[in-house]
Amino acid sequence: MIISRQKEFRDILKTIEQQNIFIIGCGKCAAKQHLGGETEVLEMKRKLGKSGKNVVGCTVLSSACNIASWDDVLTQNPDIKKAEALLVMSCGGGVSIISSVAEKAVYPALDTESLGGVCRDTTVLEQCGMCGECDIWIFGGICPIGQCSKNMLNGPCGGAVEGKCEVDERKCVWDEIHTKLKSLGRLELLKEIHHPKDHSKKRRRK
Amino acid sequence: MIREKLLSGKFTITAEISPPKGTDISGMMKEAGMIKDAVDAVCVTDNQRAVMRMSPIAACSALSQEGFDTIMHLTCRDRNRLALQSELLGAAGLGIKNVLVMSGDYPTKGDHPGAKPVYDLDSVQLLGMISRLNNGIDLSGNRLEGKTDLFAGAVSNTELTEVALMKLEKKINSGARFIITQAVFDAGKFSEFIDQVHDAGWKKIKIIAGIIPLRSRKTADFLNSNIAGVKVPDDMIRRFASSSDPGALGIEMAADLIRELRGICGGVHIMPIGTHENTRKILEMAGL
Ligand code: SF4
């Protein structure tokens, strides 16, 4: 799941110059995180209206980043034609897909943060650093590129205080990696020296 | 020279100096002047605590022209592998012989919180890369015209979790020849760390104990709540509470600690809060 965060409403308002707006939510990740489902789209509609914008309509697509045909979207939501701008409440993937087909000004309502997931109803953040050469098994299935702020591959930095990461409010992920590998009986994986990542694997592809 | 002295087993003294925030090096030179001939080398920080300053390579070069032996800090925070290597070749070209590598405090701790954190390599990988440069090849396997001869060290806390100890071992196996520790206040606790190192069989590594001379109870409290890996013991804090001259007490405690450490480790590394005005006195009182 793509993890996103709601932008400040005043920042959204500042970026949208146009008056007539159509709002598009996303029924996948954004809806699961209560950031782009029906409730949030209707709330956005109310707020924009209160701030003097004219919301010509709104919808929640089943998935903003997976659109079979823009014509179908238009047929089902003819009010989009009346809009000068679209406000998309999805991750950057959805915003860019809609931007590529809509031929109108498209604005994001969310900031995209990381690749996470949902496990037993709990949303977990930053599960994958999207490095382009996955070797997560070495770290007991816990990605240090995604979860360690300094992307350390050979063990913790010296900055954790009583298990808390130097950078943010989270625990130092290296303690978790260690505990997990210990429970799996694979501590020898930690003893190996892991070489720097090959960032050319992240290059653009056709 | 620090490398020879440390390797010969003599007790070695280093001291931390920060490059200027600006182009005027006179303050840094004055600071270094206070400890000239009292220390074996000055250790020059690299955007310490993520606060932007003059590059340590330039500062080391200026200091070595004045006759100082230097140790250049190098963090993984601000440079990718290309920049780290060219910096190291440049350092070697300027006659800088010693480097101390570390991950580096995260940018949000400093004065440019929005800076892109690099961390292309970690300290283990950086040490491995220095070993390669010393062998005349770069990280991609290309042969160098002229190799480096860098004496590399790493940093460590003194209370280590199992996983942190494993990382320390990798640092040593990747080419760290000496370790400068986070500030030590309790010689007894510190010797447990030394035992840990000996038990692990890392006989050749030289350990230099970090020393932060306290100035008052306030500085002790500040260190306890703000610096990872630092623990000023309660009895030291109590002594400050009942002292009428905390400045003199801080000097005395630092000197006592250094005297105790003499038999335990390879040297001490003085990191004052503020200036080095008391460093010479502390070392003299410690009998050095
Ligand atoms: S404290 Fe742990 S998780 Fe945080 S940056 Fe350091 S190694 Fe990474």
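The values are calculated or read from the model by the stated rules, or taken from the named source; none is laboratory data. For clarity, every value in this text was computed on a predicted model and none was experimentally measured. Methodologically, a virtual Cβ is constructed for each residue, glycine included, from the backbone with ideal geometry; neighbour enumeration extends over all protein chains shown. Accessible surface is based on the protein model in full, side chains and every heavy atom, while ligands, DNA and RNA are left aside. Shrake-Rupley method; radii C 1.70, N 1.55, O 1.52, S 1.80 Å.
Here are a few things to note about the model shown:
- ³J(HN,Hα) computed for each position of the range A:67-77 - Karplus, 6.51 cos²θ - 1.76 cosθ + 1.60, integer Hz, glycine/proline x: 10, 5, 8, 5, 4, 4, 4, 5, 5, 6, 10
- Distance between the range B:149-197 and the range A:17-47 - C-alpha centres, whole angstrom: 53
- Sequence ranges B:67-76, B:239-248, ranked by mean other-Cβ count within 10 angstrom, highest first: B:67-76, B:239-248
- Inter-centroid distance (Cα atoms) of the range A:56-74 relative to the range B:70-119, Å: 48
- From its DSSP helices (H runs of at least four residues, each -39,500 (n - 2.57)), chain B gives a residue-normalised ellipticity at 222 nm of -12000 deg cm²/dmol.
- What the phi angles of the range A:155-165 give under the Karplus curve with 6.51, -1.76 and 1.60, with θ = phi - 60°, is a coupling list of x, x, 6, x, x, 6, 10, 6, x, 9, 4 Hz, glycine and proline written as x.
- Dipole magnitude of chain A, debye to nearest 20 (Cβ charges: Lys/Arg +1, Asp/Glu -1, about Cα centre): 240
- Local electrostatic count, B:ALA248, Cβ distance below 12 Å [Lys/Arg +1, Asp/Glu -1]: +1
- Sequence-distant residues sharing a close amide H with A:GLY25 (under 5 Å, placed H): A:THR59, A:VAL60, A:LEU61, A:MET89
- Isotropic mean projected area of the C-alpha convex hull, the protein assembly as shown (nm²): 28.9
- For the segment A:157-169, counting C-beta atoms of other chains within 10 Å of every residue's C-beta and taking the mean gives 5.
- Placing a label point 7 Å from the Cα of B:SER8 along the Cα-to-Cβ direction, the residues of the range B:31-55 whose backbone N falls under 16 Å from that point are B:39-41.
- Mean per-residue shielding of peptide B:120-127 is 6, counting Cβ atoms of other chains within 10 Å of each Cβ.
- For peptide B:102-110, the mean count of partner chain Cβ atoms within 10 Å of a residue's Cβ comes to 4.
- Extended-chain gain in nm, criterion 0.36 nm per residue less alpha-carbon gap, B:ASP199 and B:ARG49: 50.7 nm
- 3J(HN,Hα) from dihedral phi, the range B:242-247, Karplus parametrisation 6.51/-1.76/1.60, rounded to Hz, x for glycine, proline: 9, 9, 8, 10, x, x
- Hypothetical label at A:ASP79: residues of the range A:7-23 whose amide nitrogen lies under 18 Å (7 Å Cα-Cβ projection): A:18-23
- Between the C-alpha center of the range A:107-157 and that of the range A:170-206 there is a gap of 11 Å.
- Amide hydrogen proximity for A:TYR107: with H placed 1.01 Å from N in the peptide plane, the residues at 5 or more positions away or on another chain lying under 5 Å are A:LEU86, A:LEU87, A:VAL88.
- With helices as the sole contributors, chain A gives -8000 deg cm²/dmol at 222 nm; each DSSP H run of n ≥ 4 counts as -39500 (n - 2.57), and the sum is divided by every residue.
- Distant-in-sequence amide H partners of B:ARG215 (H built 1.01 Å from N, under 5 Å): B:ALA220
- Solvent-accessible surface of chain A, taken per residue with a 1.4 Å probe and all protein chains present: 56 Å².
- Seen from a random direction on average, the alpha-carbon convex hull of the range A:2-113 projects onto 5.8 square nanometres.
- Heavy-atom accessible surface that B and A bury in contact, both chains counted, 1.4 Å, Å² to 100: 2100
- Anisotropy class of the range A:129-200 from Cα gyration tensor, a/c 1.5 cut: oblate
- Of all the options A:MET130, A:MET44, A:MET89, the one that moves most in a Gaussian network model of chain A with Cα springs shorter than 10 angstrom is A:MET130.
- Length available on full extension from B:SER86 to B:GLU277: 0.36 nm per residue minus the Cα-Cα distance, which gives 65.2 nm.
- Selected from A:SER99, A:SER51, A:SER62 as most flexible by GNM, with chain A as the system and alpha-carbon contacts under 10 Å: A:SER51
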